[in-house]
Amino acid sequence: MIVNMSSIATEEEIRHVIERIKECGYQAHVIHGSERTVIGAVGSNGRRAEIEALRAAPGVEEVIQITHPFKLVSRQLRQRGTIVDVGGVKIGGGDLVVIAGPCSVESGEQLMATARAVKAAGGNMLRGGAYKPRTSPYDFQGLGVEALHLLRDASAETGLPIVTEVMSEVDVEIVAEYADMLQVGARNMQNFSLLRKLATFERPILLKRGPSATVKEWLLAAEYLLAGGNANVVLCERGIKTFETATRNTLDLSAIALAKELSHLPVLADPSHGTGLRSLVPPMSKAAAAVGADGLIIEVHPCPERALSDGPQSLDLAGFAELMKGLGKEYPRAVKAA
């Protein structure tokens, strides 16, 4: 339920409503707007009739039922879009934020060359895998802590904030020491134990959609993070499994537009994983921008043919620079090259 307070409600009246919501067995989530205060009553075991009766409480303008199972991420609760600040980069603030870097951190030389090129082309953040979830146990699994050190060094030189994936609960503390943003990969979208732990950390979270997840399931996964106390969540559409075999996945552009309509959280697109084909990354990046994506996350490698993972979908450094030029010309909100 949503309790909309009057624009002239007093602090005492607001506190009274918050206390009553808690007495009824719900959590009270308060959003202070420029004109009025909105209070969300979230939970499933409370006394709903008593919340509805708050329509008669002093200072209350109306009580509205949230129609979606996801409450805190719903745009019904918060009309204004959330802006997530990652090391000074604001995602959801109107600019098209571009995150780029290699699928896996392979060496200091590889990462630094990529980071410098991403910075020079106008990219905003650096991505790079330290721990890699691979389908085969014999594939490259990442450099682990060594990669985290390399990512920190690259960030220190270029000023680019870092996003990297955290795969398990035991890795959260160490990854959070180095990364500005923690990524929940597609395979872990419904790893609820991991989500609950990440919810207790202050680091922003990048939540990728699972390959077989519905938009509803994706938003409910985000709900775990917000319900646990972490409101700095960014969604990422990275392609879903369909009957199509010509591409690695099917990049669901409609899901980006729908998630923006249903939720106040920022939404990114991952055209690299979404297609698996280097040639499709530029046009799908532009298409994602056209449907309202708040940003892109793109795989870039100095020499894709030598990449230890995801070479076929990685842009080379010149290709990334060309993409950024194209985005800057066609989409003014894209960050232009420095």
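Matching residues to (1) under 25 Å from residue 88 (Cβ atoms); (2) exposed (fewer than 15 other Cβ atoms within 10 Å of the Cβ); (3) under 17 Å from the mean Cα position of the chain (by Cα):
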| site | (1), (2), (3) |
| --- | --- |
| 158 | yes, no, no |
| 165 | yes, no, yes |
| 169 | no, yes, no |
| 176 | yes, no, yes |
| 179 | yes, no, yes |
| 185 | yes, no, yes |
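The residues listed here are 241, 208, 197, 216; of these, the one that is among the basic types (Lys, Arg) and under 15 Å from the mean Cα position of the chain (by Cα) is 208.
Conditions tested, residue by residue: (1) within 20 Å of residue 242 (Cα to Cα); (2) surrounded by fewer than 24 Cβ atoms within 10 Å (Cβ to Cβ).
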residue	(1), (2)
267	no, no
281	yes, no
288	yes, no
291	no, yes
295	no, no
298	no, no
304	no, yes
308	no, yes
317	no, yes
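Going through (1) in contact with a strand residue (DSSP E or B) (Cβ under 9 Å, 6 or more places away or on another chain); (2) without any contact (Cβ under 8 Å) to a residue 24 or more places away in the chain; (3) in the same structural domain as residue 256 (by TED's automatic domain parsing) one by one, residue 53 falls short only on (3). In contact (Cβ under 8 Å) with a residue 24 or more places away in the chain, of a type in the set (A, V, I, L, M) and farther than 24 Å from residue 271 by Cα: does that describe residue 166? Spelling it out, it is not the case that residue 166 is in contact (Cβ under 8 Å) with a residue 24 or more places away in the chain, of a type in the set (A, V, I, L, M) and farther than 24 Å from residue 271 by Cα.
Residue by residue, here is whether (1) hydroxyl-bearing (Ser, Thr, Tyr); (2) in contact with a helix residue (DSSP H, G or I) (Cβ under 7 Å, 6 or more places away or on another chain) holds:
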| position | (1), (2) |
| --- | --- |
| 5 | no, yes |
| 10 | yes, no |
| 15 | no, no |
| 19 | no, no |
| 30 | no, yes |
| 41 | no, yes |
| 48 | no, no |
| 53 | no, no |
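In this structure, is residue 156 of a type in the set (Gly, Ala, Ser), at pLDDT 95 or above and either in contact with a His (Cβ under 8 Å, 6 or more places away or on another chain) or within 23 Å of residue 326 (Cα to Cα) (or both)? Answer is no for this residue.
Restricting attention to segment 147-172, the residues being closer than 23 Å to residue 97 by Cα, part of a loop (DSSP other than H, G, I, E, B) and out of contact with any Asp or Glu (no Cβ under 6 Å at 6 or more places or on another chain) number 3.
For segment 273-302, a residue qualifies if it is in contact (Cβ under 8 Å) with a residue 60 or more places away in the chain and not acidic (Asp, Glu), and the qualifying residues are 273, 289, 293, 295, 296, 297, 298, 300, 301, 302.
For segment 247-261, state whether one or more residues are buried (at least 24 other Cβ atoms within 10 Å of the Cβ), touching a helix residue (DSSP H, G or I) at 6+ places or on another chain (Cβ under 8 Å) and among the polar types (S, T, N, Q). Scanning segment 247-261 turns up no residue that is buried (at least 24 other Cβ atoms within 10 Å of the Cβ), touching a helix residue (DSSP H, G or I) at 6+ places or on another chain (Cβ under 8 Å) and among the polar types (S, T, N, Q). Quick check: anything in segment 78-100 part of a loop (DSSP other than H, G, I, E, B) and buried (at least 22 other Cβ atoms within 10 Å of the Cβ)? No, because not a single residue in segment 78-100 is part of a loop (DSSP other than H, G, I, E, B) and buried (at least 22 other Cβ atoms within 10 Å of the Cβ). Among the residues of segment 37-47, those identified as in contact (Cβ under 8 Å) with a residue 12 or more places away in the chain and either surrounded by fewer than 16 Cβ atoms within 10 Å (Cβ to Cβ) or among the β-branched types (Val, Ile, Thr) (or both) are 37, 38, 39, 42, 45, 47.
The values are calculated or read from the model by the stated rules, or taken from the named source; none is laboratory data. What you are looking at is a predicted structure, and each value in this text was computed from that prediction instead of being measured. Virtual Cβ from ideal backbone geometry, glycine too; neighbours counted across all protein chains shown.
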